[in-house]
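A short worksheet on the structure shown next.
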Amino acid sequence: MRILVIEDERKVASFIKRGLEEERYIVETAADGEEGLMLARNNVFDAIVLDVMLPKLDGYSVLQRLRDDGNSVPVLMLTARSSTEDRVQGLDLGADDYLAKPFHFEELAARLRSILRRSTTEKTTKLQCGDLTLDLVTHFAYRAEREIELTTKEYALLEYLMRNKDRILSRSMIMQHVWKHNFDPESNIIDVYIKRIRQKIEKAGQGQMIHSIRGVGYRIREGGVVDHEQDEVES
Ligand code: CA
């Protein structure tokens, strides 16, 4: 794991570097925002420890520029300030976590492990359910070898189902998550989209994947298992 530490206080920087190296991380340091941004842009790091108060370019600006580049490297911000606003600003700009100075090294190490863990899980580029694969990069689905093109909403809905494989999702949860608004019991939009997705992913001879749970919602699971709760046919 390669970590970049952007911190202008030499004592703090070397304290972090030494501690992380003892935990077998490979550590590079930068002493100002410009140097840090340059290093972050030209190298691949698993995480960045980023101080807020930095010469040349402050930590918020470094973070903002990285995120504007589309760089999603996990960032742990170090702040000397205790105001909630400053912390919120960092999180709003896309920091993964923050730590107020002064801190114990053990806490920094624990926060770092946590954001690294989170980013490793999220780096999965494919979701799988039986022989159905959803590519999170290209947004294509594959059933066995067959490529399936999805519209934006179909994709969002299928992704939500697949991230919650085997779990029953209520119509209200689906509405809030995929359409970002509250569920209107009069609307059949979810059912319409489920039907379209089914037509695409459940071709003749291929088992049913999306199961409707009467009166509740939907669940995706690997086919072949008789699900007594499911409706036989989506009308
Ligand atoms: Ca500083």
* Cut-off 16 Å, label 7 Å out along Cα→Cβ of GLN64, residues of the stretch 4-42 by amide N -> 33-34, 37
* Heavy atoms only, probe 1.4 Å: what % of the accessible area of the chain goes to carbon and sulfur, would you let me know? => 48 percent
* Give the accessible surface of the chain per residue, rounded to a whole number of Å², with probe radius 1.4 Å and ligands, DNA and RNA excluded. => 55 Å²
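As a test of the formula, what do you get for the chain when each DSSP H run with n ≥ 4 contributes -39,500 (n - 2.57) and the sum is divided by the residue count, at 222 nm and rounded to the nearest 500 deg cm²/dmol?
My calculation for the chain gives -11500 deg cm²/dmol from helical runs alone.
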* Count the lysine pairs in the chain that are 8 or more places apart or on different chains: how many have C-alpha atoms under 27 angstrom apart? -> 28
* Any idea how far apart GLU107 and GLU34 come out in nm if each label point goes 7 Å out from Cα toward Cβ? -> 3.3 nm
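For the stretch 56-119, run through the trypsin sites (Lys or Arg not before Pro) and keep only the ones in DSSP coil with at most 16 other Cβ atoms within 10 Å of their Cβ.
Values: sites: LYS56, ARG65, ARG67, ARG81, ARG87, ARG111, ARG113, ARG117, ARG118; in loops: LYS56, ARG81.
Counting only loop positions with at most 16 other Cβ atoms within 10 Å, the trypsin sites (Lys or Arg not before Pro) in the stretch 56-119 are LYS56, ARG81.
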* Structure fact -> Mean projected area (nm²) from the convex hull of Cα positions in the chain is 16.0 nm²
* Asked: Residue farthest toward the positive end of the dipole of the stretch 102-158, with Cβ of Lys/Arg at +1 and Asp/Glu at -1: which of ILE115, THR152, PHE140?
  -> ILE115
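Note down the magnitude of the dipole of the stretch 37-126 about its Cα centre, charges +1 on Lys and Arg C-beta and -1 on Asp and Glu C-beta and zero elsewhere, to the nearest 20 debye.
On the way: 13 positive and 13 negative charges, 52 e Å.
Its charge dipole is roughly 240 debye.
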* Could you calculate the FRET efficiency of THR125 with GLU23 from 1/(1 + (r/R0)^6), where r is the beta carbon distance between them and R0 is 25 Å, rounded to 0.05? => 0.35
* Mind giving me the FRET efficiency for GLU149 and ARG117? R0 is 35 Å, r the Cβ-Cβ distance, nearest 0.05 is fine. => 0.55
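Just subtract the alpha-carbon distance of PHE15 and ALA204 from 0.36 nm times their residue separation and send over the number in nm, one decimal.
Values: separation 189, 0.36 × 189 = 68.04 nm, distance 6.27 nm.
Here the segment from PHE15 to ALA204 would lengthen by 61.8 nm.
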* Cα centroids of the stretch 44-113 and the stretch 20-36: how far apart, whole angstrom? -> 13 Å
* Structure fact -> With +1 at each Lys and Arg Cβ and -1 at each Asp and Glu Cβ, the charge dipole magnitude of the chain around its Cα centre, to the nearest 20 debye, comes out at 320 debye
* Enumerate the amide H contacts of PHE140 below 5 Å, restricted to partners 5 or more residues apart or on another chain; note that Pro and chain-start residues carry no placed amide H. => ASP135
* Residue by residue through the stretch 102-107, which ³J(HN,Hα) values in whole Hz follow from phi under the Karplus form 6.51 cos²θ - 1.76 cosθ + 1.60 (θ = phi - 60°), with glycine and proline marked x? -> x, 9, 8, 3, 4, 6
* Structure fact -> Of GLY215, GLY94, GLY130, the most mobile residue in a GNM of the chain (C-alpha springs, cutoff 10 Å) is GLY215
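The values are calculated or read from the model by the stated rules, or taken from the named source; none is laboratory data. It should be emphasised that the depicted structure is a prediction, and the values quoted were computed from it without experimental measurement. Counting neighbours? That spans all protein chains shown, and the Cβs are built from the backbone with ideal geometry, glycine included. Areas reflect the complete protein model, heavy atoms only, side chains present, ligands, DNA and RNA absent. Shrake-Rupley method; radii C 1.70, N 1.55, O 1.52, S 1.80 Å.
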